[in-house]
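Okay, structure first, notes after.
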Amino acid sequence: MSAPARTRTVRPLGPRAALVECADLHDAVALHARLSTAGLPGLVDCVAGARTVVVRARTPAALRDIVRTALAAPRGGAGTGEARTVTIDVVYDGEDLEAVGEFTGLGADGVVRAHSGQEWTAAFAGFAPGFFYCVAEDGLDVPRRETPRTAVPAGSVALAGRFSAVYPRRSPGGWQLIGRTAARMFDLDRDDPALLRPGDRVRYRPVRELVEAAPRTAGPAPVRGAHLVVDRPGLQTLVQDRGRAGSAGLGVSPSGALDAGAAASANRLVGNAAGAAVLENLLGRLELSAHGDHVLAVTGARAPLTVEGPAPWRPVPGTPFALRDGERLAVGATESGARVYVAVRGGVAVPPVLGSRSTDVLAGLGPGPLAAGDALPVGPAPGTAVRPPEPPPEPARAPAVRVVPGPRDDWFAPAAVESFFAQEWELTASSDRVGARLDGSPLERTRTDELPSEGTVPGCVQVPPSGLPVVLLQDSPTTGGYPVIGVVHPQDLAVLAQLPPGARLRFERAPAPELAPPAPGGPDTAAPEPHATDQPATDTPLADGPATENPLE
C-alpha cells in the first residue's frame, strides 16, 4: 500500500498572492498546469517553482477562492495532458564538458549519452523569458561554476544541480556549459514566443552542426503624423504602461510603471485611459520637441517645467497643458522624488510586445531606453475630456512602507525580524527597476541551507547571504532562490519608486490575508498554519545560483 500523499500547505505572499507548497517538483508542475488552464476568475499569474506554486490574484477574495482550488486539486499526475515533446538539436562542444565528465566520472562521451539519452521535463521558467529549468529521472547532479561567467552566449546548453537549461539570450551565468543549440527559446517573431511550456517533454538530440535561421533585421517603421522627438533623454527615460500580467509562467516579468498611480494620474489629466503608455523618466533633465500640436501632463517626482518656444513659459506640474508644433518641453532636475511621468493625449503609440508597450530592462522586451533623436508616435486622441488637476501629496521624511511578513520569515532569527521592522534602511545607488537595494544592519538567518527556487511577485523582500534586503520591483526575475522575509503592499511600491538614492525608509507590519477559511471535507480544503515548514527531504533541486545567475544574487 502506497504512502498517503503529503497535504499541500499555503503561505501568504503579500495581500494578493500566495505560495502553495507542494509534495515535490512533479506535484508543483501538475498543479501549475491545472491552475493556469482552469480559467479561474481573478487569477493574474501562476508561477511554478522547484516545490511550490505562486498564485497572484486581482483581489483578496479571488485569492481565497484560488487557494481553495489549489489545496483541493488532485495530487501529482501530468497536469492537463497537453504536454508536447520538443526536440532540441545540440552540438556537444561546451567549454565545461570535459570538467563535467571528470566530476561525474562519466567522461565527456558519457555526459553526452546521459544528457541526450533520456527525456527531460520543462518544470518551470525563471531568470529570463524562455529560460526553463528542465529535470529528468536520472538527471546529472552537477555543481555550478565557482566563478560565474560575465557573459554566456545565447543558445548555450547548460547543467546546474539536477537541472538542464538553454540560455535564451546572452547574459551572465554560472551554469556548466556542455553544448550549444540554434533553437530559439524565446522568439517574438513567433505566434507563441516561448519554445517550451511548463510540463513539456524535452529531447536533446546530438548533431554535428547546427542550421541557424538568419534573424530578422527590419528596423522600426518610420514615424508619420504628429509625434514627439526626444532631444535629451536624461539619465534614463523609458516607455511604460500597466505591464505584461499573465506571462510570469514563461519567465516574463510584469514590468510596467514603477509608480503606477503617478502614471495613471498623468493619463487622467490628458483624457487617456489609465493604462495608456507614458514616459517614465529618472531624476529629470528630459527634453521633448513637438511635431504637431499635443496636450501633455507631468506627474510623479517634482521637477521644474519649461516650454521653450516663441513665448517661453512654465507649466504647472500635475496640470494639463498644450505643447504646440515646434515647441520644446524641458523637464529640469528633480527637486523631490525620483521618477517623472509624462503623458501625451493619445498615448505613446510604440508597437506593443506581448500585449504591452512597456520596456523591461532586464529581459530586453519592449522599446529600449530612449536616446536623443528618437521619434515617439502618438496615438489618436481619445473621445474624453482632460481632467482637472489634484494637489500632489506631501512625501514623508522617512516614509513607512507596509510589509506582510512571510513566506520565509521563519528562516530568520526573531531578533532579525524585529530588526527588519525597527531600523531605518537606506536606498543605495545600485537600485534600479529590478530591485531596490537597501543598506543597514544585516539580518541574521537561522537557516543557511539553499532555498529551492520559487516564484516571486513585485514587492518580495529577498535577503541574500549579505543580510541586506532587496525589494523586487517590476522588472525582477519571476523566480528566486533567496528567502523572502516579507512582501511590500502593492500600493506602497510607489513609495520605493519615488525614493532617490540615499533616501531612508522603514517598514511596518501589515496583516496577512485570510487565505482559506476552514471548510468541511478534510485537510485538502482547510487552511493550514501560515508558517508550516514541512518541506520534503527528498527531490531537492538547487536554489538559484551565484550573483550573476539571478541578477539580484
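Taken together, the values in this text are just the output of simple stated rules run on the coordinates, not laboratory data. Keep in mind the model is a prediction, meaning the values are calculated, not measured. Heads up, the Cβs are rebuilt from the backbone with ideal geometry, glycines too, and the neighbour counts pull from every protein chain shown.
For the stretch 228-377, what is the Kirkwood estimate of the hydrodynamic radius, computed as the reciprocal of the mean inverse distance between distinct Cα atoms, to one decimal in Å? The partial results should precede the final answer.
Numbers: mean 1/r = 0.0662 Å⁻¹.
Hydrodynamic radius (Kirkwood, Cα pairs) of the stretch 228-377 is 15.1 Å.
Modelling each spin label as a point 7 Å along the Cα-to-Cβ direction, I'd like the residue 95/residue 291 distance in nm, to one decimal.
A separation of 4.3 nm, rounded to one decimal place.
Could you calculate the contour length gain from residue 335 to residue 37, that is, 0.36 nm times the residue separation minus the distance between their Cα atoms, to one decimal place in nm?
Details: separation 298, 0.36 × 298 = 107.28 nm, distance 4.76 nm.
Gain on extension, residue 335 to residue 37, equals 102.5 nm.
Show me the ranking of peptides 90-99, 243-252 by mean Cβ neighbours inside 10 Å, starting with the highest.
On the way: 90-99: 18.1, 243-252: 23.5.
Peptide ranking by packing, descending: 243-252, 90-99.
Is the shape of the stretch 405-523 best called rounded, prolate or oblate, per the rule: a/c under 1.5 gives rounded, else a/b larger than b/c gives prolate, else oblate, with a ≥ b ≥ c the square roots of the Cα gyration tensor eigenvalues? Don't jump to the answer; show the numbers that get you there.
Working: a/c = 1.64, a/b = 1.44, b/c = 1.14.
Judged from the Cα gyration tensor, the stretch 405-523 comes out prolate (a/c at least 1.5, a/b above b/c).
Test of understanding: extend the Cα→C-beta vector of residue 504 to 7 Å, then name every residue of the stretch 397-424 with backbone N under 14 Å from that spot.
Residues 397-400, 422-424 fall inside that zone.
Where nothing but the Cβ of Lys and Arg (+1) and of Asp and Glu (-1) is charged, how large is the charge dipole of the chain around its Cα centre, in debye to the nearest 20? Could the numbers behind the result be given before it?
Working: 52 positive and 61 negative charges, 277 e Å.
Dipole about the Cα centre, nearest 20: 1340 debye.
Note down, for the chain, the three equivalent ellipsoid semi-axes (square root of 5 times each alpha carbon gyration tensor eigenvalue), biggest first, whole angstrom. Before the final figure, lay out the partial values.
Numbers: eigenvalues 336, 167, 95 Å².
Those come to 41, 29, 22 Å.
Can you order the peptides 192-199, 229-236, 458-465 by their average number of other Cβ atoms within 10 Å per residue, highest first?
Taking the mean over residues of other Cβ atoms within 10 Å, the ranking is 458-465, 192-199, 229-236.
How far apart, in nm, are the 7 Å Cα→Cβ label points at residue 235 and residue 59?
Taking the two extended label points, one gets 3.9 nm.
Rounded to the nearest 500 deg cm²/dmol, what is the calculated helix-only ellipticity per residue at 222 nm for the chain, with -39500 (n - 2.57) per DSSP H run of length n ≥ 4?
Numbers: 7 runs with 68 residues, N = 553.
Taken over the chain, the calculation gives -3500 deg cm²/dmol.
Express the relative contact order of the chain as a whole percentage, based on alpha carbon pairs under 8 Å and six or more residues apart in sequence. Spell out each step's value before the answer.
Details: 1480 pairs, mean separation 92.2, N = 553.
RCO, the chain: 17 percent.
Could you run the Karplus curve 6.51 cos²θ - 1.76 cosθ + 1.60 with θ = phi - 60° over the stretch 429-440 and give me ³J(HN,Hα) per residue in whole Hz, x for Gly and Pro?
Along the stretch 429-440, the couplings run 5, 7, 5, 7, 6, 6, x, 8, 9, 10, 10, x Hz.
Apply the Karplus parameterisation 6.51 cos²θ - 1.76 cosθ + 1.60, with θ equal to phi minus 60°, to every residue of the stretch 134-145 and state each ³J(HN,Hα) to the nearest whole Hz, in sequence, with x for glycine and proline.
Those phi angles translate into 9, 10, 9, 4, 10, x, 5, 9, 10, x, 5, 5 Hz.
Net charge near residue 262, counting Lys/Arg +1 and Asp/Glu -1 over other residues with Cβ under 14 Å of its Cβ?
Details: positive: 242, 268, 302, 339; negative: 241, 259, 280, 390, 492.
Here the charged neighbours net out to -1.
Would you please put 404-410, 116-122 in order of how densely packed they are, using the mean number of other Cβ atoms within 10 angstrom per residue and starting with the highest? Walk me through the intermediate numbers first.
Working: 404-410: 22.7, 116-122: 18.1.
My ranking of the peptides, most packed first, is 404-410, 116-122.
Along the stretch 172-183, what does the Karplus equation 6.51 cos²θ - 1.76 cosθ + 1.60 (θ = phi - 60°) give for ³J(HN,Hα), rounded to whole Hz, x for Gly and Pro?
Once θ is set to phi - 60°, the couplings for the stretch 172-183 become x, x, x, 7, 7, 8, 10, x, 8, 9, 8, 4 Hz.
What is the distance in Å between the Cα centroid of the stretch 455-475 and that of the stretch 150-176?
About 22 Å separates the Cα centre of the stretch 455-475 from the one of the stretch 150-176.
Points 7 angstrom from Cα along the Cβ direction at residue 385 and residue 205: gap in nanometres?
Each label point is offset 7 Å from its Cα along the Cβ direction, giving 6.5 nm.
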